[in-house]
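Trainee: First the structure, which I've put down as structure tokens, then a few questions once you've had a look.
Every read-out reported here was derived from the displayed coordinates using simple, explicitly stated rules and does not represent laboratory data. This one's a predicted model, so the numbers in the text were calculated from it and none came from an experiment. Heads up, the Cβs are rebuilt from the backbone with ideal geometry, glycines too, and the neighbour counts pull from every protein chain shown.
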Amino acid sequence: MPGLTKTFFIKARDFGHAGEASIRVQQILKSMHLDPALTRRIAVCSYEGEMNVVMHGADGQLVMTMGPDSLELDIRDGGPGIPDIELAMRPGWSTASDDQREMGFGAGMGLPNMKKNADGITIECPPGRGTRVRMRFHLKPEGGGP
Amino acid sequence: MKLADIVRKLDASVLAGSDRLGLEITRCGASDLMSDILASLADGSLLLTGLATLQTVRTASIAGVGAIVLVRGKTPPADVRELAATQGLPLISTPLSMFVACGRLHACGLTGLNGNR
């Protein structure tokens, strides 16, 4: 499969469009007839990551890169970052506002769900320089996965 | 159970996807928490929810939900109905409460997302 890179911009606090980038990612993968279970894992990770930028970050971007053996989602924003990554990875821990909870988010399951569905996840947030979450997925069955 | 039969059982009205009422449903999930829906294996299932927002439709699409039931007579804004139609996702609204809607479907033999009854 030839390499493919797609970049999507994510606007913070824009709930009218929140999730559209991930819907596009899902449409692209479906059109390539990628394995449905794998497509679902990638789409869920993309959406959780996108919603994190919308809710907690500042404007950012999502870059999907597809190589012959793997796919990477690289989600970056210029927000305040994550003060305590270990705490953020703990299921149930959330800093979401009441408004965001009323929309069904903020259950503290975003990062744990991304970790569960990706074959690899790296989170970087150097002080004052936003957050970067990279997730990798094996495209070949022998690569394994959850 | 066909979606058309579910519409009748729930005294529901169809807001989007009336061309997909032949869809066969066996599993149901009921939640207002988008994270719960994303964390479970919802492929082809019925989602019952009291949340009638754009995010409900997008979350359902991402999770692979087969159809959405809005409980307590929720009538969503036009953009929510339009998004469901664009996504090819049937959207129906029932005047029943979440409890009664779930009870009726359970009595018809539908199971939870993991197949349990």
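Trainee: Express in nm, to one decimal, how much length is gained between B:Ala4 and B:Phe99 on full extension, taking 0.36 nm for each residue of separation and deducting their alpha carbon distance.
Mentor: Result: 32.2 nm gained on full extension.
Trainee: Now for a separate question. Could you please report the charge total around B:Gly22, scoring K, R as +1 and D, E as -1 over all other residues with beta-carbon less than 11 angstrom from its beta-carbon?
Mentor: Once all neighbours under 11 Å are counted, the net charge is -1.
Trainee: Okay, next question. Suppose only helical runs count, i.e. DSSP H with n ≥ 4. What mean residue ellipticity at 222 nm does that imply for chain A under -39500 (n - 2.57) per run, divided by all residues and rounded to the nearest 500 deg cm²/dmol?
Mentor: Computed ellipticity for chain A at 222 nm equals -10000 deg cm²/dmol.
Trainee: What average count of beta carbons from other chains do you get within 10 Å of the Cβ of residues in B:29-38?
Mentor: 6
Trainee: For chain B, what is the calculated [θ] at 222 nm in deg cm²/dmol (nearest 500), taking -39500 (n - 2.57) for each run of four or more DSSP H residues and dividing by its residue count?
Mentor: Calculated from helices alone, the mean residue ellipticity at 222 nm is -10000 deg cm²/dmol.
Trainee: Report, as an integer, the average count of C-beta atoms from other chains found within 10 Å of each Cβ along B:54-65.
Mentor: Going residue by residue through B:54-65 and averaging, the value is 6.
Trainee: For chain A, which semi-axes, largest first and in whole Å, follow from the square roots of 5 times the eigenvalues of its Cα gyration tensor?
Mentor: 25, 16, 15
Trainee: Mind checking the full-extension length gain between A:Thr122 and A:Arg13? Use 0.36 nm per residue of separation minus the Cα-Cα distance, one decimal, nm.
Mentor: Full extension from A:Thr122 to A:Arg13 adds 36.8 nm.
Trainee: Taking 35 Å as R0, compute the FRET efficiency from the Cβ-Cβ separation of A:Asp99 and A:Asp69 and round it to 0.05.
Mentor: 0.25
Trainee: Sticking with this structure for a sec: Roughly what would the spin-label model give for B:Ala78 and A:Met32, points 7 Å off Cα along C-beta, in nm?
Mentor: Simple spin-label model gives 3.8 nm for this pair.
Trainee: So for chain A, averaging the separation of alpha carbon pairs under 8 Å that are six or more residues apart and normalising by length, what relative contact order in percent results?
Mentor: 25
Trainee: Can you tell me what share of the DSSP beta bridges in the protein assembly as shown is antiparallel? A percent to the nearest 5 is fine.
Mentor: 75
Trainee: Moving to a separate point now. Shielding by partners for A:97-110, please: the mean number of other protein chain Cβ atoms within 10 Å of each residue's Cβ.
Mentor: Going residue by residue through A:97-110 and averaging, the value is 4.
Trainee: Related question: Using the Cα centre of the protein assembly as shown as the reference point, and only Cβ charges (+1 on K/R, -1 on D/E), how large is the resulting charge dipole? Debye, rounded to the nearest 20.
Mentor: Dipole size: approximately 460 debye.
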